Amino acid sequence: MSAVVIEGAHVATVSGAEYPDGHVVAVDGRITAVGAGPAPDAPAGARRIDGRGHLLTPGLVNSHNHLYQWATQGLFADATLFEWLVGSYDIWHRLDAEVVAGTTTAGTAWLALSGCTTVSDHHYIFPAGRGDIVAAEVEAARRVGVRLDLARGSMDRGRSSGGLPPDAVVETLDGALAGTSAAIDAHHDPAFDAMTRVAVAPCSPFSVSRELMTGAAELARSRGVRLHTHLAETVDEEEQCRAEFGCTPAEYAEKLGWLGEDVWLAHAVHLSDAAIARIAATGTGIAHCPTSNARLGAGICRTTELLAAGVPVGLGVDGPASSELSGVVGEIHQAVLMARARKGPQALSARQALHMATLGGARCLGRADELGAIAPGRLADLALWRVDGFGHGVVDDPVVALAFGPPPPLELLLVGGSPVVERGELRTVSSGEAARAGRAAHTRLLQEVDR
Ligand SMILES: [Zn+2]
């Protein structure tokens, strides 16, 4: 038996009460007790952690990311989404398994250091003959020690078919579906405490044929896995969708069977009231990526209206090439500020943003019974933030300190009760190794492009 007891922290359970001086007990990877004051029944031999001066939250859930973009940060800094994509594809089409191993190591390590315990990674670049990219990613995330939700992406509309990516980077319809099915076979674990899940995730309706969208939905539903894609990110996308399909992206998604409780959509910035009502009625989740949306000038997601309608909303950092910030706690900050810039100071509270970064994301990933809250029976994925120091010590409300202030020092990060970060340092791979892996991936990719 392995047991951990944390006492004296401000415990934000997210799903229920907060305990300003509370305790949490975890045994063999699951939470067994939470409440006010010291733990009444601490297991003998448990590791005891003094949480005074700290905020304890669920481990953060990153509901949308592209880890491979670690290798191409900072490029096309003033481009629109479509300009940025066209420029980036000319680099990304040289990706291989070695680059992805490096970017996954760096990206998941960075996320863990920002309090994230579950990473949903949307990977849709599969150039032919470049190694087993999916296996490289799964292995690297496992070494770092975070849970991986691998949204196996795909594209089948190259430039010769009116799409944005070069033909060399897209798959055939059959190849995309077969590759996705193989990823489910090899890596999807439906177990309660799974470290790896796989979702079916064509890149976006504008880079994928109608047949791939519908085939992907059939595949996911036949295999009992979830569906993910980008939708309604920019005005350009809406104009393209209206011109080609005669409807909005949300209407197009619904026609193709792409709204439902087993679907979550990245961005969803440009939604009408009617689209929000349909998304809410169907139980579709939204991964809100405020930094990326601002960096690319895409617009501001209508989070206030989505939450009011009852839509499950998570937070995503999106790819590091359009969100060099790349930390979930930073997205909490951005989500609050951007919602308020749009709709006033009551538009989104610190606690609503924390909910999005934890239980909201877990709902998007179909794991709300396992992750995203501190409650008995759930997985012991926990983040212990120091909030009595220089940057936060004069803010009395620790949740406000987390959301409004700079990212607090991370004292401890547990995944399934096991420490992945302690006192700001990784316990699995070293920060230095992760940084070198990311740098090497950048160098290798750019050398491949020059060849
Ligand atoms: Zn994205």
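List the number of the failed condition for Ala362; all other conditions in (1) open to solvent by less than 20 Å² (accessible area, probe 1.4 Å); (2) more than 27 Å from Leu337 (Cα to Cα); (3) of a type in the set (Gly, Ala, Ser) hold.
Condition (2) is where Ala362 drops out.
Let me spell it out: the conditions are (1) over 17 Å from the mean Cα position of the chain (by Cα); (2) closer than 22 Å to Ala176 by Cα, and His230 meets all of them except one. Which number is the exception?
(1)
Can you name every residue in the stretch 50-82 that is away from the ligand (no atom under 16 Å from the Cβ) and either open to solvent by 10 Å² or more (accessible area, probe 1.4 Å) or within 13 Å of Ala437 (Cα to Cα) (or both)?
Once the filter is applied, which keeps residues that are away from the ligand (no atom under 16 Å from the Cβ) and either open to solvent by 10 Å² or more (accessible area, probe 1.4 Å) or within 13 Å of Ala437 (Cα to Cα) (or both), the stretch 50-82 yields Asp50, Arg52, Gly53, His54, Gly74, Ala77, Asp78.
Considering only the stretch 332-355, I want to know if a residue exists there that is under 27 Å from Trp92 (Cα atoms) and modelled with pLDDT of 95 or more. Break it down into steps so the answer makes sense when it comes.
Initially, the stretch 332-355 is screened for residues under 27 Å from Trp92 (Cα atoms), giving none.
No, that holds for no residue.
Condition first: away from the ligand (no atom under 16 Å from the Cβ) and either of a type in the set (Ser, Thr, Tyr) or on the phi > 0 side of the Ramachandran plot (or both). Now tell me which residues in the stretch 231-277 satisfy that.
Scanning the stretch 231-277 gives Gly246, Thr248, Tyr252, Gly257, Gly260, Ser272.
Among the residues of the stretch 308-329, are any within 20 Å of Arg363 (Cα to Cα), more than 18 Å from the chain's Cα centre (by Cα), open to solvent by 50 Å² or more (accessible area, probe 1.4 Å) and not hydroxyl-bearing (Ser, Thr, Tyr)?
Within the stretch 308-329, one or more residues are within 20 Å of Arg363 (Cα to Cα), more than 18 Å from the chain's Cα centre (by Cα), open to solvent by 50 Å² or more (accessible area, probe 1.4 Å) and not hydroxyl-bearing (Ser, Thr, Tyr).
Which one of Leu177, Leu173 is at pLDDT 95 or above, away from the ligand (no atom under 16 Å from the Cβ) and out of contact with any Asp or Glu (no Cβ under 7 Å at 6 or more places or on another chain)?
Values: Leu173 fails: out of contact with any Asp or Glu (no Cβ under 7 Å at 6 or more places or on another chain).
Among Leu177, Leu173, only Leu177 is at pLDDT 95 or above, away from the ligand (no atom under 16 Å from the Cβ) and out of contact with any Asp or Glu (no Cβ under 7 Å at 6 or more places or on another chain).
Taking the stretch 207-219, which residues are in a helix (DSSP H, G or I) and surrounded by fewer than 24 Cβ atoms within 10 Å (Cβ to Cβ)? Explain how you work it out, then say what you get.
Restricting attention to the stretch 207-219, the residues satisfying the condition of being in a helix (DSSP H, G or I) are 207, 210-219.
Residues satisfying the conditions are Arg210, Glu211, Met213, Thr214, Gly215, Ala217, Glu218, Leu219.
Could you please tell me which pairs satisfy a Cβ distance under 8 Å, a separation of 6+ or placement on different chains, a first residue in the stretch 18-32 that is of a type in the set (A, V, I, L, M, F, W, C), and a second residue that is modelled with pLDDT under 95?
Going by the 8 Å Cβ cut-off, the qualifying pairs are Val25/Asp41; Val25/Ala42; Val25/Pro43; Val27/Met1; Val27/Ser2; Val27/Pro43.
From (1) open to solvent by less than 10 Å² (accessible area, probe 1.4 Å); (2) under 15 Å from Cys116 (Cβ atoms), pick out the condition that doesn't hold for His333.
All conditions pass for His333, except number (1).
So for the stretch 189-204 (the condition being open to solvent by less than 10 Å² (accessible area, probe 1.4 Å), in a helix (DSSP H, G or I) and away from the ligand (no atom under 16 Å from the Cβ)), does at least one residue qualify?
no
For the stretch 386-401, which residues satisfy the criterion of being of a type in the set (D, E, K, R) and closer than 16 Å to Gly8 by Cβ? Steps first, answer last, please.
Taking the stretch 386-401 first, the residues of a type in the set (D, E, K, R) are 386, 388, 396-397.
Within the stretch 386-401, Arg386, Asp388 qualify.
A quick yes/no check of all residues on (1) within 12 Å of Leu55 (Cβ to Cβ); (2) not assigned by TED's automatic domain parsing to the domain that holds Pro20:
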| position | (1), (2) |
| --- | --- |
| Ala373 | no, yes |
| Leu382 | yes, no |
| Arg386 | yes, no |
| Gly391 | no, no |
| Ala401 | yes, no |
| Pro406 | no, no |
| Ser418 | no, no |
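For the stretch 278-307, what are the residues that are under 16 Å from Leu359 (Cα atoms), more than 13 Å from the ligand (Cβ to nearest atom) and either open to solvent by 10 Å² or more (accessible area, probe 1.4 Å) or out of contact with any Asp or Glu (no Cβ under 8 Å at 6 or more places or on another chain) (or both)?
Correct list: Gly283, Gly285, Thr303, Leu306, Leu307.
Check Gly432, Gly372, Gly377 and return the single one that is modelled with pLDDT of 95 or more and part of a helix (DSSP H, G or I).
So the residue among Gly432, Gly372, Gly377 that is modelled with pLDDT of 95 or more and part of a helix (DSSP H, G or I) is Gly432.
Considering only residues that are among the charged types (D, E, K, R) and assigned to a helix (DSSP H, G or I), look in the stretch 128-157 and name the one that is surrounded by the most Cβ atoms within 10 Å (Cβ to Cβ).
So the residue we want is Glu137.
Might you let me know whether the stretch 357-367 holds any residue that is touching a residue at least 12 places away in the same chain (Cβ under 8 Å), closer than 28 Å to Arg197 by Cα and in contact with a helix residue (DSSP H, G or I) (Cβ under 8 Å, 6 or more places away or on another chain)?
Yes: one or more hits.
I'm checking my understanding of the structure. Among residues of the stretch 239-259 that are in a loop (DSSP other than H, G, I, E, B) and open to solvent by less than 10 Å² (accessible area, probe 1.4 Å), which one is modelled with the lowest pLDDT?
Cys247
Specify which of the listed residues (Gly391, Gly416) is in contact with a Gly (Cβ under 9 Å, 6 or more places away or on another chain), at pLDDT 95 or above and not β-branched (Val, Ile, Thr).
One residue alone meets the criteria, Gly416.
Taking helices (runs of 4 or more DSSP H) that fall entirely within the stretch 271-349, which contain at least 3 residues that are more than 30 Å from Val86 (Cα to Cα)?
Once the helices (runs of 4 or more DSSP H) in the stretch 271-349 are filtered for at least 3 residues that are more than 30 Å from Val86 (Cα to Cα), what remains is 273-282, 303-308, 328-343.
Take the stretch 20-35 and flag every residue that is farther than 21 Å from Val420 by Cβ and open to solvent by less than 70 Å² (accessible area, probe 1.4 Å). Even if it seems obvious, please write down each step before you answer.
We begin by selecting, within the stretch 20-35, every residue farther than 21 Å from Val420 by Cβ; these are 20-23, 33, 35.
Within the stretch 20-35, Gly22, His23, Ala33, Gly35 meet the criteria.
The values are calculated or read from the model by the stated rules, or taken from the named source; none is laboratory data. Because the structure is predicted, anything quoted here is derived from the model rather than measured. With ideal geometry, Cβ positions are generated from the backbone for all residues, glycine too; neighbour counts draw on all protein chains shown. Side chains included, ligands, DNA and RNA excluded: accessible areas come from the protein's heavy atoms. Shrake-Rupley method; radii C 1.70, N 1.55, O 1.52, S 1.80 Å.
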